[in-house]
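Presented below is the structure to which this report refers.
The values are calculated or read from the model by the stated rules, or taken from the named source; none is laboratory data. Since the model is a prediction, treat every value here as computed from it, not as a measurement. With ideal geometry, Cβ positions are generated from the backbone for all residues, glycine too; neighbour counts draw on all protein chains shown.
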Amino acid sequence: MKLKESDFTTDFVNEIKAMYAVDLKDTSALEQFIALGQLLKRYNADNWTNTSKGYRKNDLKQVYYFSIEFLPGRLLQSNLLNLDILDTVSSGLKKLGLNYEKICQAEPDPGLGNGGLDRLAAGYMDAMASLGMAGNGNGIRYRYGLFKQVFMNGYQVELPDDWLRNGNVWEVRRENRACVVRFGGHVWLQEQADKTLRPVYDYTDDVLAVPYDIGMVGYHNGVTNTLRLWSAELPPSADHTYYSQKQRDNINDITKVLYPDDSSDEGRSLRLRQEYFFSSAGIQSIVRHYFLEHNNLKQFAQKVAVHINDTHPTLVIPELMRILLDEYDCSWDVAWQITTATMSYTNHTIMQEALESWPIDMFKGLLPRIYQIVEEIDRRYRNEKTPIFGSKVVDNTAPLGNGQVRMAYLAVIGSHSVNGVAPLHTELLKKDVLADLYRIYPEKFNNKTNGIADRRWLELANRPLTKLIDQRIGMNWHDNPKQLQTLTAFENDTEFLHQLAEVKLTNKQRLAEYVKENMNITLNTDAIFDVQIKRLHAYKRQLLHVFEIIREYQDIKDNPQKSVTPRVHIFGAKAAPSYHYAKSVIKVINALADLVNNDQAIGDKLKVVFVPNYGVSLGELIIPAADVSEQISTASKEASGTSNMKLMTNGALSLATLDGANIDIVKAAGSENEYTFGLTSDEVYGYYHRGDYQAQKFFDGNQELQRVVNALIDGTIPEISTEGREIYNSLLQYNDEYFVMADYEDYVAKQKQISSDFNDVKTWQKKSLANIAASGTFSADYAVARYAEDIWQVPFDRILK
Ligand SMILES: *Cc1c(COP(=O)(O)O)cnc(C)c1O
C-alpha cells in the first residue's frame, strides 16, 4: 500500500490518543505496539474484506489448512514488510522519538505450537496469501501457549505462557459465526416418514465454538487471507440452563492449554476433545460458507480442499461424512466420494509413538455418532479390500484394530492424497510405516518437501545480509527466492566474501549482546558459533553434540598450550514436561555449561550457551549468527527438518546426517559445502533388520569415547550424578537406541575438520555463500505452489520463475 510518512505519524498519534487518552510520551512500548497493530488493521481492512468478497464473487476453490497448532511468531514486522510500509513506519516512529525495535519486541510471541510442524503451518499461511491463493487456516485459540521455559539450578521449569494477558490486537472475534459442537450423550437412528434414518441425540454436552480470525497478509499483493482459531465457550442456552462449575470448567478447558508434547498424546481424553472440537467447528463453517453460493453438493469437492496437517485433524473425515449423511441426506457412496475427493493428508513422522490412536471405549463415549461412522468406514473398507489383499494386510491397516481407532490409517483411507515431507521420508512411509496402505493405494502417495517462510527468516531476521544481497543482485529474489542462485557469480569475489564475513560478525555481536545481557556470559565473536536449536528429543541427539563439547573440554585441559579454534556452542530447546530423559539432557548441558564457562583455564576458547525459552523470536536472533548448523538426528528419524533450511539461508554450513531434508540441502548446495557424517538410513535399517547393534563394541573400541562417556558418571561434570547415570545407562545398558556411539567417531572427525577449515576465512565464506545461493529452492512459496498444483488443484496468481 501507499503511505506517506507524515500521514502515518498523524494517524499514529491520533490512534494513541483515541485508545489511551494520554500523550504519546506517556505510553509504554506495549501500548505503542497495540496502537500500531490497531492502525495496521485499519489500513488493511479493505484488503481483507475485498479478498474474501473476491473469492466469493469468483467462486474460487478454497483451501482449508487444518492444524491443531500454528506457530506464527510475531506479526508486526512481517505485516509491515508484506504491506510494503516497513521503512515508512519505522522511520516515522523514529521521527516521533520512539524506539522501533522496542515496539517490535513488545509484541508477545504467541506460543501456539510445539515446533516444526506448527511453524510449517504458519509459514504455509503466509505463502498461500503471498501466492494470492484462496487459503484459510483452521486451528485452536489456546488461552495459554506452550509453557515458558526457565532454568532453575540447571533444571527446566515450566511457567504458564499467558500470551493473551493484553489481548491479541490482530484477531477479530466473530460470535455471529459461532457453531455448536456436540460431545457424549446417546445417539440412535429414528425412522422418518420417508423411511430414511435420522440420528437423534439425547443428553449431549454442547459446546459453543467461537471463531477468532487473524488476517494473513500477502506479500505486496493486496491479498489478506484468514487464519481462523476456535475458542470453546458455554453454549447460548447457558443463560437459561443450570451449569455446574465442573461443567463450565469442562467446556472452558477444551481450549485452555496447548499440549506441550509434540510426540505423544497424553491427557488423552481432553486431547481427543480438542481434536474433534476444531475439526467439527471448521467443517461446519466450511459447509455453511459453501452453501452461501451453492444450493446443492454437486460441486463441493471442486470448490473445497481440506488439508489434514498430521493426524490431529483426521476427524474432519467422519465429521464431513456426518454432515453429508445426517443433514443433507446424501447416500453413503455419494458422501464418501465427496469426502475423499476433498481431503488430503500430510504425514510428519515415522516415530511409532507419534502415530495417534484412541481406545475405542473412550472414543465411542465421547463421540458416539462419529464412532458409528468410523465403524461403517471400517466395515466397508474390510469388505472391499479383503478379497483383493487378504485379511492380514487389511487387519493391519483398517481404521479399527487392537481396540483402537487408528488415526493415520483413517486419514489415508479417507483422503485422495498422502504426502511425506522430504524424499527420504516419503520413501520410508512407502517402505515401512505405511507400507501396507501403500500397496493398497499406491496412487495416493506423493512427496512435498517442506519449505520455510524465507521472508521472515532472511529478509526480516537478517536485514544486513538482505541489504548486502540487494546491492549485488537487486531485489528480484524477494519475489522469486530461487534467483538467489545468481549470487554464485561472486563466489570468488574477495570483496563480497569479506562483506559476507562482516555481516556474520554483526549478527554474532547482536546475539552476544543478548547473551551478555540476559545470561551474563561473554562470548568471543571470533569463535565458531555452533548452533543446535530444536525440540529436545533423543532422536535429535543433542547428546552427540554434548559429547563433542566434553571432548573439546578435555582436549583443552590436556593441552593448554595447543592452539585451538575457539567455539561457542549454542543450544535452544524445550523438553516436553513429561519427557524425563530429555529433561536430564537439559540438566547435563547446563551443568557442562557451568563447568566450562567458569573454568579460567578454558577462557574464551570454549563457551556453552543454553538460551532458555527457545521460540520463533529467539530463532530470529540466533539463526543469522550461526556459522555451523547442527542437524544430527539418527538417519531416518527426522522427517524433514526446517531449522536446517533457515540456517542454510542465513549462510550457516550444515553438520548433518543424511536424514530428512538434509539430503536435499546437501544436494542443492553441493556436498563440498557441508559436513556430512554417520550411518545412513539404510544402515540404520540394516541394524534393525539383523538386530545386531552393540553399543558396547563402539565403546570398547574407542578410548576417547570411553573417556567422554565416563565423564557423565565420574564426577567430571558436577551435580549430575542421577542424570549422568541415567544417560550412561541408556547408552550401555539399554544399547543406545539412537546410535550415538556408532556415529561418534565420524561426527568428531567432521567437527575437527570444521575447526581447521574455519580459519581459512575466504574458503569458509565461499561455502557459506554456496549455501545462501542454493537456499531459495526451500522457500515455502514453492512448496505451497506444488501442493496447489498436485494436491489441492487450486489456482494462484503469482508466477514463480
Ligand atoms: C523452525 C522451528 C522449529 C523446527 O526445528 P527443527 O530443527 O526442524 O526441528 C522448531 N521450533 C521453532 C521455534 C522453529 O522456528
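The criterion of at least 2 residues that are in contact with a helix residue (DSSP H, G or I) (Cβ under 8 Å, 6 or more places away or on another chain) and touching a residue at least 60 places away in the same chain (Cβ under 8 Å) is met, among helices (runs of 4 or more DSSP H) falling completely within the stretch 1-77, by 5-20, 29-43. Checked against the criterion of being at pLDDT 95 or above and part of a loop (DSSP other than H, G, I, E, B), the stretch 775-788 contains not a single residue that satisfies it.
The set of residues in the stretch 714-748 that are surrounded by fewer than 18 Cβ atoms within 10 Å (Cβ to Cβ), assigned to a loop (DSSP other than H, G, I, E, B) and of a type outside the set (Ser, Thr, Tyr) comprises ASP714, GLY715, PRO718, GLU719, GLN733, ASN735, GLU737. Looking across PHE529, PHE571, one residue alone is within 13 Å of the ligand (Cβ to nearest atom), outside any helix (DSSP H, G or I) and at pLDDT 95 or above. It is PHE571. Close contacts from the stretch 121-136, counting a first residue that is assigned by TED's automatic domain parsing to the domain that holds PRO313 and a second that is among the hydroxyl-bearing types (Ser, Thr, Tyr), with Cβ to Cβ under 6 Å and a gap of 6+ residues or different chains, come to ALA121/SER67; SER130/TYR219; ALA134/TYR55; ASN136/TYR64; ASN136/THR226.
Remark: ASN176 falls outside the filter, which requires a residue to be out of contact with any strand residue (DSSP E or B) (no Cβ under 7 Å at 6 or more places or on another chain), surrounded by 15 or more Cβ atoms within 10 Å (Cβ to Cβ) and assigned by TED's automatic domain parsing to the domain that holds ALA232. No other residue among ILE720, ILE665 is in contact (Cβ under 8 Å) with a residue 60 or more places away in the chain and within 16 Å of the ligand (Cβ to nearest atom) apart from ILE665. Here the stretch 205-245 is the region considered, the condition is being among the aromatic types (Phe, Trp, Tyr) and within 26 Å of PRO368 (Cβ to Cβ), and the residue that is modelled with the highest pLDDT is TRP230.
Scanning the stretch 501-517 for residues that are farther than 25 Å from PHE490 by Cα and either in contact (Cβ under 8 Å) with a residue 24 or more places away in the chain or surrounded by 16 or more Cβ atoms within 10 Å (Cβ to Cβ) (or both) yields a total of 5.
Scanning the stretch 586-637 for residues that are without any contact (Cβ under 8 Å) to a residue 12 or more places away in the chain and in a helix (DSSP H, G or I) returns a single hit, GLY603.
Being farther than 30 Å from TYR276 by Cβ and within 16 Å of the ligand (Cβ to nearest atom) is the filter; apply it to the stretch 42-91 and report the residue that is nearest to the chain's Cα centre (by Cα). Restricting to residues being farther than 30 Å from TYR276 by Cβ and within 16 Å of the ligand (Cβ to nearest atom), the top hit is ARG74. For the stretch 77-112, the candidate set comprises residues that are of a type in the set (Asp, Glu) and within 19 Å of ARG510 (Cβ to Cβ); within that set, the residue that is surrounded by the most Cβ atoms within 10 Å (Cβ to Cβ) is GLU107.
Where residues in the stretch 370-423 are in contact (Cβ under 8 Å) with a residue 60 or more places away in the chain and hydroxyl-bearing (Ser, Thr, Tyr), which of them is surrounded by the most Cβ atoms within 10 Å (Cβ to Cβ)? The extreme case among them is SER415. Checking each residue of the stretch 534-556 against the condition of being away from the ligand (no atom under 16 Å from the Cβ) and either under 30 Å from GLU107 (Cβ atoms) or outside any helix (DSSP H, G or I) (or both) gives no match. Checking each residue in the stretch 607-652 for being away from the ligand (no atom under 12 Å from the Cβ) and within 21 Å of VAL740 (Cβ to Cβ) picks out VAL608, PHE610, VAL628, THR634, ALA635, SER636. The residue that is nearest to the chain's Cα centre (by Cα), counting only those in the stretch 536-564 that are among the basic types (Lys, Arg) and surrounded by 22 or more Cβ atoms within 10 Å (Cβ to Cβ), is LYS540. Considering the conditions (1) within 26 Å of GLN247 (Cα to Cα); (2) within 16 Å of the ligand (Cβ to nearest atom); (3) not in a loop (DSSP other than H, G, I, E, B), TRP163 is excluded by exactly one of them, (3).
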